[in-house]
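Participant: Just dropping this structure here.
Quick note: the coordinates plus some simple rules give every number you see, no bench work behind them. Quick caveat, the model's predicted, so the values are computed rather than measured. All Cβ positions, even for glycine, are placed from backbone atoms using ideal geometry, and neighbour counts span all protein chains on display.
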């Protein structure tokens, strides 16, 4: 019996040694290849497209859709478009007032191309508007075009993601929010510093929450159907895990912000597909600048009633630049997002160097692992911040966890591969840093469950899976991965790295 046991142990050690050796050799060879091609844009694009990307945590689903899709869906629905404002409207069309069928764009090259430009930042530099104004003006134009097409939006975004070897999407969307702000605008109980503990039991908000979840059920079923996910030949997109951030539109009065925030937490509490909340819309809008501190207090006060969800807050903060707003407005937004609202991730964070307590904020973000969602192209076009002027290096050198994101890839006409490439070419990233950023997208996601790593910085697996590998997994590790969504996707990512790097052996 001892002899057989010894042989078994020897065999297992040999298999593990082969696995480890191949893994290290693959990574080393891949790193060497990356160094050779990182200054060749075409080769770098090919490399990065198939490079495994853990996920994307800052992606607005409405802004992720390309102009061509907006036009296609609006035409199919017989919707109309104003040829001066380029705002899509419901039928009937009014040709006398320059509102024509969207379908007519396909017979008018000039108008078709002007519509693409109006729905995005394509060619914005040749227009009269700044990148900032052009970007934020697009959403009103195509909003009606997308009405009734949430499942199509999901199919488009997940298809594009899987084609780039991306495993996870945390999509921001506002289903139910219009109903919440309309309701609150007519109800006195949401005004004048109300008791949030009472309002979290508001019957109407609960009804809106239930209706929203039913709508999401329907749309997700259609999404899976459109990609043939149950067939033997599913389309790309079916393998991408999707979760949602309930996004509150912040450019409303405080009572309507409050109702949206309560609904957002309700959605996260009642459905595992919702993993967190976020506040969106222009941070430099007059009403946002006026009420910013109050908005952070609303998040804090509502979150107190959902103590188990207080780590599920990601906030747009510091998406500002000197000259766009007063210097005083640059001094505190990230600070208050972290220290009042309790944000566990910050989106953009561009004005960090102008904050009154910048060093303390950076230190806290590094120590408490509050990740920064960096959107390089978005920050360039909207704020004019790029290269050395971007605070990327400040966050990186401070040890703040970094996640690369697209923000609104359709409006910006980019993809996540583009953002990885831009980061490599601008900041000369190493292959190891690329892998860290990819892993960060899962480690700092709001996915349910425990992490695969007991010591993340050292890439050390949880003890339950420490002795398992991709050729042989213990039953305990299998159960652990089944129980913990985050760990399961992290395991898949590590396996994807091994497979990717094997091509360079």
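Participant: Can you tell me the relative contact order of the chain? Whole percent, Cα pairs under 8 Å, sequence separation 6 or more.
Facilitator: Relative contact order for the chain comes out at 19 percent.
Participant: On to the next question. Per q in 0.15, 0.20, 0.26 1/Å, what log10 I(q)/I(0) does a Debye calculation on the alpha-carbon atoms of segment 216-297 return?
Facilitator: For segment 216-297 at q = 0.15, 0.20, 0.26 Å⁻¹, log10 I(q)/I(0) is -0.67, -0.88, -1.16.
Participant: Would you list 258, 309 from fewest to most Cβ contacts within 10 Å?
Facilitator: 309, 258
Participant: Next up: Quick one: which of 341-347, 93-99 comes out on top by average Cβ neighbours within 10 Å, and what's the full order, highest first?
Facilitator: For the peptides 341-347, 93-99, the packing ranking is 341-347, 93-99.
Participant: Report, in whole Å, the centroid distance computed from the Cα atoms of segment 265-306 and segment 331-369.
Facilitator: Measuring centre to centre over Cα atoms gives 16 Å.
Participant: Over the Cα atoms of segment 150-429, how large are the radius of gyration and the largest Cα-Cα distance (Dmax), in Å?
Facilitator: When restricted to Cα atoms, segment 150-429 yields Rg and Dmax of 19.1, 58 Å.
Participant: Go ahead and estimate [θ] at 222 nm for the chain from helices alone: -39,500 (n - 2.57) per DSSP H run with n ≥ 4, summed, over the residue count, rounded to 500.
Facilitator: Roughly -16000 deg cm²/dmol at 222 nm, from the helical runs in the chain.
Participant: If you don't mind, there's one more thing I want to ask. Give the calculated FRET efficiency between residue 43 and residue 225 to the nearest 0.05, with a Förster radius of 22 Å applied to their Cβ-Cβ distance.
Facilitator: 0.05
Participant: Checking the a/c ratio against 1.5 first, then a/b against b/c, what shape does the Cα gyration tensor give for segment 406-447?
Facilitator: It is oblate, given that a/c is not under 1.5 and a/b is not larger than b/c.
Participant: With a ≥ b ≥ c taken as the square roots of the eigenvalues of the C-alpha gyration tensor of segment 67-146, please select rounded if a/c is under 1.5 and otherwise prolate if a/b is larger than b/c or oblate if it is not?
Facilitator: Judged from the Cα gyration tensor, segment 67-146 comes out prolate (a/c at least 1.5, a/b above b/c).
Participant: For segment 363-418, what is the largest minus smallest coordinate of the Cα atoms on each principal axis, given in angstrom and ordered from greatest to least?
Facilitator: On the principal axes, segment 363-418 reaches 35, 19, 16 Å in Cα extent.
Participant: Taking every DSSP beta bridge with both residues inside the chain, roughly what % is antiparallel (nearest 5)?
Facilitator: Of those bridges, close to 20 percent are antiparallel.
Participant: Right, something else. To two decimal places, what compactness ratio does segment 85-237 give when its Cα radius of gyration is scaled by 2.2 N^0.38 Å?
Facilitator: 1.35
Participant: Kirkwood hydrodynamic radius (Cα pairs, Å) of the chain?
Facilitator: Here the Kirkwood hydrodynamic radius works out to 24.3 Å.
Participant: Order these by the 10 Å Cβ neighbour count, fewest first: 325, 350.
Facilitator: Ascending number of Cβ neighbours within 10 Å: 325, 350.
Participant: Something else: Could you list 405, 110 so that the one with the fewest beta carbons within 10 Å of its beta carbon is first and the one with the most is last?
Facilitator: 110, 405
Participant: What do the square roots of 5 times the Cα gyration tensor eigenvalues come to for segment 157-285, in whole Å, largest first, as semi-axes of the equivalent ellipsoid?
Facilitator: Ellipsoid half-lengths, sorted descending, are 33, 16, 11 Å.
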